[in-house]
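Take a look at the structure set out below.
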Amino acid sequence: MDGEILDAVTEWGTRPVSDGVSGLYELADESFSGAVTDGTAWAFVLNGRFVGVFDGDIEAFEDASLTAHTAPDLSLPLLYAMQARGGEVRGQYYSNDTPLSEIDDTLSSGNFVGYVELSENVLSGDYYVVYYGGRSLPVAFVGNNERLLSGDEAFERAADEVGIYSVVDASIEVVDLPERPGPEPESERASDDDTAVAITPDADAEEASESEAVDDEGDTAATEAGVDAAGGDDDPESDAVGDDGASADADPDAAGGRFSELNMTGDEATDTLVTADTADEDAPETADAVATDVEDEAGGAVVYDPDVDGDDSGTDDSGADDDSAHSEIGDDPDTDDSGADDDSAHSEIGDDPDTDDSGADDDSADDDSAGGDVDDRAFLDSTTEESTQTDSGDLDRLRRELDAARAAKAELEAERDRIAAERDDYREEVERLRDRVASLEAEVERLGTDADTDADATPTSTLDPDEALSGTNLFVRYEDKAGGTLERAAEGRISETELRDNLRLDYHTEFEADGVQVDGQSFDAFLRSTPEHRFSMWLLSSLTYEIRRTDTRAHLSKLYEAIENVDRIDLDGAVDVTVEGADDAAETTTVSFDVVFRGKMGDPLFAASFDDARDPTHASTIQSLLDSAESVSGAVPSFAAAFVVTTSFFDADAMEAAVDATRGGLFSRSSRKSYVKLSRKSGFHLCLVEARDEDFFLTVPEL
């Protein structure tokens, strides 16, 4: 899922929720609206309905520890679910030529599912109108602080803006939850048993007569309810949104404004989902029909294909389907049966045969006592009472023993799970160490082979290290493009060993590398032993897995998503930055770094500066990198991170400089770690790395 969405959702407030499937049903029962995550997968929830699951499936939440984020507005879960799923831009319009209010009327009346985005050439903020179930939900993020607006206020602000807005056709898929866990409560089982007895077809003639009378009454009530429910569907304009939508259209003041809340609970939820499902089934026809209407109003400004039949029969059929759905909901046979069952259950309980038997036993006992011996009867009563007390005592004891056994079993199961988790952690650590040993052994063998080759080779020329690095570029290549790649690693589909075995860094030099020696080594051996080359390999092959293991993808989203896009690495590289001067004249400056990571189009993604001195790295080194990185980030939005790599360590003033640069504003609530925010949509991560024992360790941010 997109990092911008993750950053926005993690800023929402959290609420307590149970773990696993129980927590999902808890949110559904409480009509929760927001997002829930297990740390990897995310689900968006609207009024208790799960409208999208991303970075996993719904089964991933089973037995998982959950975190629920409450949405500040109902439109946000729908908007982010649509954006995460992706949609198709059906048209773009200039607000002065086609006002937003005209498009809004057309999309709302056509049961359009998607959203309108007004952000291009708009400086005041980002504006959206989300459409679902025949209703529109405006929302806006205004100013550098991205202040949230919704409802009439958001729509009026959007309608007053001048810019280009896009109509995006998206879809929503309501996700079914797994089966609710846990046994059925005893009270419900008893109620079901009573109901089953009341409707048993083998009852005697009198009980059957009473049950039929109760069923007739239930059917009559259900018929009346069905007539009342169907009566509200006579107006064809109410088919898309149900009774609530028609009421809001008739009386805006009574409905609370132009934009009513989207209710997805109870019967209204069923109506809305029926409308949405019908719209999804006729998606191509309905979307094209709406597009035709929009094109007519916009005077032919629609970007997509306008070859659509102007007949409105598709919309009429959808309305007919909605009427049928409303009628079926109003005449739900389950409700009638439930009412009949309850009445029958009460009727049977009133004539409890156990009560009659008890009375008969008492009468029989009285008759027997009248003709029996008084002493025998007293002895019998005493024996029965003692037996009853003994049975009651044994039952209580057995219940206590059962409760104790269950508690002991639960403790043992928890201990077993803890030991199993610890065992799995140790296994992963062993595998990681084995991979590391194999990698080091292979490196030792390769260096030995290179040393032998260097001893036999006769050098043709020599270069100093700075000259050799400044004329060298590295390229990300693979032994097999269908095997382990950076993209597959980011998706978690391959292991770190598979990536290392398939990844290679080819080099291109501005000089003839054959026969060249640098510091008494062949150029190839020298290059692979440099901190710059080893750091590049670590960033591409190890950093991705460190972020995944520590579950910090959301906090380092911009850095994490940019790693898979690296295609070229410049050693002793430079970045040209174009800025506008005071007289609006463009000025181009060159910013230099020890290493620059670039994408396929040459855009800088990362930059790194190295400090190979034995003394601690001071704040001046950090500040120098920050000045250069800020100028690059301001001109290139794709710039994701700046690294300072030291072979020593960072002293206290260097750490303070890093903290001050990434602290953010006084009211900053960003969840990103070690992030230097320059504006509302630009910034980069600042990372401090220590190089020791042929390996690299990320000091800031702390994972």
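The values are calculated or read from the model by the stated rules, or taken from the named source; none is laboratory data. Not measured: the values here are computed from a predicted model. When we count neighbours, we look across all protein chains shown, and the Cβ atoms used for this are built from the backbone with ideal geometry, even at glycine. Quick note on the areas: whole protein, heavy atoms, side chains included, nothing else; ligands and nucleic acids left out. Shrake-Rupley method; radii C 1.70, N 1.55, O 1.52, S 1.80 Å.
Descriptive notes on the structure:
- Residue order for GLU512, GLU401, GLU161, GLU443 - accessible surface, 1.4 angstrom probe, largest first: GLU512, GLU401, GLU443, GLU161
- The C-alpha atoms of the range 505-621 occupy a region whose extents along the principal axes are 52, 42, 36 Å, arranged from largest to smallest.
- For the range 1-117, projected area of the alpha-carbon convex hull averaged over all directions, nm²: 8.2 nm²
- For ILE164, ILE419, the ranking by accessible surface with the largest value first comes to ILE419, ILE164, using a 1.4 Å probe.
- FRET efficiency estimate (nearest 0.05) - Cβ-Cβ, GLU487 to ARG427, R0 30 angstrom: 0.65
- Portion, in percent, of the accessible area of the range 86-162 that falls on carbon or sulfur, probe 1.4 Å: 40 percent
- The charge dipole of the range 451-557, taken about the Cα centre with unit charges on the Cβ atoms of Lys, Arg (+1) and Asp, Glu (-1), comes to about 820 debye, rounded to the nearest 20.
- Semi-axes of the equivalent ellipsoid for the range 7-56, Cα gyration tensor, largest first, Å: 15, 12, 11
- The range 5-46 - percent of accessible surface contributed by carbon and sulfur, probe 1.4 Å: 44 percent
- For the range 131-178, the solvent-accessible area of protein heavy atoms averages 42 Å² per residue (probe radius 1.4 Å; ligands and nucleic acids excluded).
- Contour minus Cα-Cα distance for SER470 and VAL174 (0.36 nm per residue): 101.0 nm
- Of the trypsin sites (Lys or Arg not before Pro) found in the range 479-546, those that fall in a DSSP loop while having at most 12 other beta-carbon atoms within 10 Å are LYS481, ARG493.
- Each listed q (0.11, 0.25, 0.26 Å⁻¹) maps to a log10 I(q)/I(0) for the range 620-703 from the Debye sum over equal C-alpha point scatterers, namely -0.29, -1.31, -1.37.
- For the range 516-562, with +1 on Lys and Arg beta carbons and -1 on Asp and Glu, the positive-most of GLN517, ALA554, LEU527 along the dipole: ALA554
- Theoretical gain in end-to-end length, SER22 to ARG85 [0.36 nm per residue, Cα-Cα removed]: 20.1 nm
- Cα-projected label distance for LEU395 with ASN144, points at 7 Å along beta-carbon direction, nm: 7.4 nm
- A simple spin-label model places the labels of ASP551 and LEU703 1.5 nm from each other, with each point 7 Å out along Cα-to-Cβ.
- Based on protein heavy atoms only, the range 404-543 ends up with 62 Å² per residue of surface accessible to a 1.4 Å probe.
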